[in-house]
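Here the structure is laid out as structure tokens; the discussion comes afterwards.
The values are calculated or read from the model by the stated rules, or taken from the named source; none is laboratory data. Predicted model only: the values in this text are computed from it and were never measured. FYI the Cβ positions are ideal-geometry reconstructions off the backbone, even for glycines, and counts take in every protein chain you see. Ligands, DNA and RNA are stripped out before the accessible areas are found, and what is left, the full protein with its side chains, is counted by its heavy atoms. Shrake-Rupley method; radii C 1.70, N 1.55, O 1.52, S 1.80 Å.
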Amino acid sequence: MKHLSMLLLSVLTVVSVNAETVYFKSEDNLDIAAELYLSSDRKAPFIILFHQAGWSRGEYTEIAPALNKLGFNCLAVDLRSGGEVNSIKNITNQNAVRAAKETKYVHSIPDMKSAIEYVSKQYKPEKLIIWGSSYSSALSLKLAGDMKDKISAVIAFSPGEYFVSQGKPRDFITSSAVKISQPVFVTSARDEKNSWWGIYVAIPSTQKSYFLPESEGNHGSRALWSKFSDSKAYWVAVTKFLKSV
């Protein structure tokens, strides 16, 4: 634990990182924007980062550089269902609105699939981890069950069956989660456990774990932002999981 704490101290030290905005096509020919954060090792394991509702790739401006220091390459993707956070506007959402495409949560699935294909073909990582926040964490669990050959592990911040109002069945996520055999990590604010516990229990993977803070915590990946006093507890749990996979 002492070694892990020292590692975290190093990781959470503010560093200057070169990020590059890249573009690729979704399944339905929509232009998707994403921020590429490469570590010094281009063959390092790769994490694809998906944001929460109403936000953008800006959710990960602080998180992705820390993941680089842990030895991971990262791609923070703008999904069509989103908006703006940390003064970074969601370019994919803007493109979708201009193209008169629907932008509900479920309509982001093609963007997520295309991001996985893009990283797989462009960088050919030995390990590809997907990481979601809120609605995208639920969809990440779904894709982990449906695309087992492409995804090595999944991290889900505040997932849930959020899609009934969008015409999907109550087990939309769980019906795919029952096929997950890869390592899984789930976390959330403390009072959100009931939203995802049924999904978690249904996952058959023998390498699954979860974390709940002693404090109230926060919804989604922003739980890792340094402005929150309990963010280090989340980082310890996430780092432990990443080191295991």
Taking H placed 1.01 Å from N in the peptide plane, check which residues at least 5 places from Ala53 or on another chain put their amide H under 5 Å from its amide H.
-> Tyr135, Ser136
Gain in length, Lys127 to Tyr210, computed as 0.36 nm per residue apart minus the alpha-carbon separation, to one decimal in nm?
-> 27.8 nm
Hey, what do the phi angles of region 218-225 turn into as Karplus ³J(HN,Hα) couplings, whole Hz, using 6.51/-1.76/1.60 and θ = phi - 60°, x for Gly and Pro?
-> 9, 7, x, 5, 4, 4, 8, 5
What is the gain in length, in nm to one decimal, between Arg170 and Ala100 on full extension, counting 0.36 nm per residue of separation less the C-alpha to C-alpha distance?
-> 22.4 nm
GluC sites (Glu not before Pro) lying in DSSP loop within region 36-113, provided at most 13 other Cβ fall within 10 Å = Glu102
By how many nm would the segment from Val178 to Asp149 grow when fully extended, if each residue of separation counts as 0.36 nm and the alpha-carbon distance is taken off?
-> 8.9 nm
For Lys69, counting only aspartates and glutamates whose alpha-carbon sits under 20 Å away and dropping same-chain residues fewer than eight positions off, the answer is Glu20, Glu35, Asp41, Glu59, Glu126
How much of the accessible area of the chain, probe 1.4 Å, is carbon plus sulfur, in whole percent?
-> 49 percent
Positive-end residue of Ser120, Tyr135, Met147, charge dipole of region 119-245 with Cβ unit charges = Ser120
Rounded to the nearest 0.05, what FRET efficiency do Lys25 and Asp230 give with R0 = 45 Å and r taken as the Cβ-Cβ distance? Could you check?
-> 0.70
Beyond 30 Å (Cα-Cα) in this structure, taken from Lys113/Lys193; Lys25/Lys240; Lys101/Lys232, we find Lys25/Lys240; Lys101/Lys232
Candidate cut points under trypsin sites (Lys or Arg not before Pro) in region 56-134, DSSP loop plus at most 12 other Cβ atoms within 10 Å of their own Cβ, are none
